[in-house]
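The values are calculated or read from the model by the stated rules, or taken from the named source; none is laboratory data. Since the structure is predicted, the reported quantities are computational estimates derived from the model, not experimental observations. So basically every Cβ, Gly included, is an ideal-geometry build from the backbone, and we count neighbours across all protein chains shown.
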Amino acid sequence: MLLGKQIQILVFKLDDSGTFDNIGEVNQFDSLIWPDKFNGYASFELWAPITDENSEYFKKGNILWCGGDNAAMVEIVKSTIDDKGTKTFNVKGRTLEMLFTTRIIWGTYNGVNKVASTAMYEIVNQNCVNPTNANRKIPFLELAEDKQIGGLITMQKTGGEVYDALTTIASNADIGFNMLFRPREKKIIFEVVEGVDRTSEQNIVDPVEFSTDLEDILSSSYYTNDQDNKSVALVMGEGTGSERKSQVSGDNDSYGLGRRELYVDARDLQSETVNEDGSTTSLTPAEYQETLVNRGDNKLAEHKVTETFEAQIRVFGEVQYEFGVDYNKGDKVTVRDKQFGVVVSARITEVEEDFDDEYELVLTFGYSYPTIMQKVKQQIT
């Protein structure tokens with residue numbers, strides 16, 4: 001029996017023939033971890049008894065929706081029977097941003113002096129919504145209005161997952177993206193967002209401040225890692241020998257023990273590329289240099305100091321702020337924790353709601369440190 005916040009889990013079946021149907025509601029489950037990220041997909045996990053209904057609901061490819069903006073796809077289903085004969089499903093999957101891992105940038109994308117959000121919409125449109133090959137379309141996917149956020153970038157990207165391109169652009173531009181699940185309209189909407197500044201330093205909206213002094217924070221953990229930090233990158237582009245083009249990215253004035261160098265092989269970046277329709281795109285020398293700098297900046301972003309603060313937030317009793325009302329995923333807030341000596345204005349990059357015997361809300365401030373698999377992926381791309 002859940003105490004506090006209740007949740008409704010609806011199950012949908014989507015397919016390429018146009019099916020977008022609600023096939024039922026999960027009425028029996030033991031525990032649910034339901035996360036949401038500002039930039040990228042999040043992974044959910046659910047435990048439920050094995051019943052005829054649940055056997056129908058927890059099929060790979062079905063969509064779980066808990067009534068908010070995000071939904072998740074069932075990808076892994078494990079059935080177990082313990083020594084007491086209790087039969088249990090363990091269901092795992094990812095939020096719908098994972099769909100972008102199923103598409104690559106087909107050919108080369110050239111973005112010269114593009115607003116970051118515009119580049120993201122163009123990449124999704126060209127490869128997922130209105131691709132030249134209709135077989136590449138992701139069913140039910142539409143684009144939200146481009147709010148022109150994130151600043152100007154110049155980039156060239158050949159191949160690679162659409163997902164990786166989106167998360168890289170978003171991370172460097174300090175913006176995020178969502179896949180909004182809209183069952184009534186039978187749509188999935190791709191949206192680029194920037195969050196709201198609710199820190200104590202601004203005076204435009206009511207500030208939000210979490211503090212151990214005010215007992216908003218029930219438990220917390222602080223993580224920092226300088227091990228893989230790099231300060232300056234030498235980016236080598238097209239050409240051979242002494243004719244090879246290069247640029248320096250980052251802080252080239254850093255020196256001594258504070259200087260940490262990174263070599264970036266960017267020979268895949270070309271000043272002249274052939275597009276999918278057979279036309280040619282040529283970059284000026286200045287534009288090509290900017291693409292090299294952008295590649296260097298992206299690689300340096302993978303090697304920056306990692307700093308995250310995770311906190312379980314009080315959600316019952318006398319609470320100052322309510323999630324979804326006073327603040328949301330992607331917002332910047334102020335966090336004070338005397339025990340760790342942390343006083344920061346940080347973005348809420350992940351929200352995890354845990355539905356078990358009790359409801360818990362866990363917020364992550366700053367970007368999570370990479371897993372081993374993420375590190376391997378960075379090294380091979």
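Here are some notes:
- Taken over the range 22-46, the residue count meeting the criterion of being more than 30 Å from N172 (Cα to Cα), out of contact with any Leu (no Cβ under 8 Å at 6 or more places or on another chain) and part of a strand (DSSP E or B) is 1.
- Tabulated pairs, the range 236-250, first over 13 Å from L292 (Cα atoms), second of a type in the set (A, V, I, L, M) and buried (at least 16 other Cβ atoms within 10 Å of the Cβ), C-beta under 6 angstrom, 6+ apart or interchain: none
- Between L262, L269, L283, the distinction of being outside the structural domain of G159 (by TED's automatic domain parsing) and farther than 26 Å from T132 by Cβ belongs to L262 only.
- When K59 is tested against (1) under 24 Å from D331 (Cβ atoms); (2) free of Cβ contacts under 8 Å to residues at least 40 places away in the same chain, only condition (1) is not met.
- Pairs are defined by a Cβ separation below 6 Å, a sequence spacing of at least 6 or placement on different chains, a first member in the range 262-277 that is within 18 Å of M236 (Cβ to Cβ) and in contact (Cβ under 8 Å) with a residue 60 or more places away in the chain, and a second member that is among the acidic types (D, E) and surrounded by 13 or more Cβ atoms within 10 Å (Cβ to Cβ); the pairs so defined are Q270/E238.
- Index of the failed condition, L269 passing every other in (1) within 20 Å of the chain's Cα centre (by Cα); (2) in a loop (DSSP other than H, G, I, E, B): (1)
- Among the residues of the range 303-328, those identified as touching a Leu at 6+ places or on another chain (Cβ under 9 Å) and in a loop (DSSP other than H, G, I, E, B) are H303, R314, V315, F316, Q320.
- Test result for N90, closer than 30 Å to T280 by Cβ, in contact (Cβ under 8 Å) with a residue 40 or more places away in the chain and surrounded by fewer than 19 Cβ atoms within 10 Å (Cβ to Cβ): no
- Meets criteria (within 15 Å of the chain's Cα centre (by Cα), touching a residue at least 40 places away in the same chain (Cβ under 8 Å) and surrounded by 15 or more Cβ atoms within 10 Å (Cβ to Cβ)) for F100: yes
- Within the option set R103, R136, being modelled with pLDDT of 95 or more and in contact with a Cys (Cβ under 6 Å, 6 or more places away or on another chain) holds for one residue only, R103.
- Unmet criterion (only one of (1) more than 30 Å from Y359 (Cβ to Cβ); (2) part of a strand (DSSP E or B)) for S254: (2)
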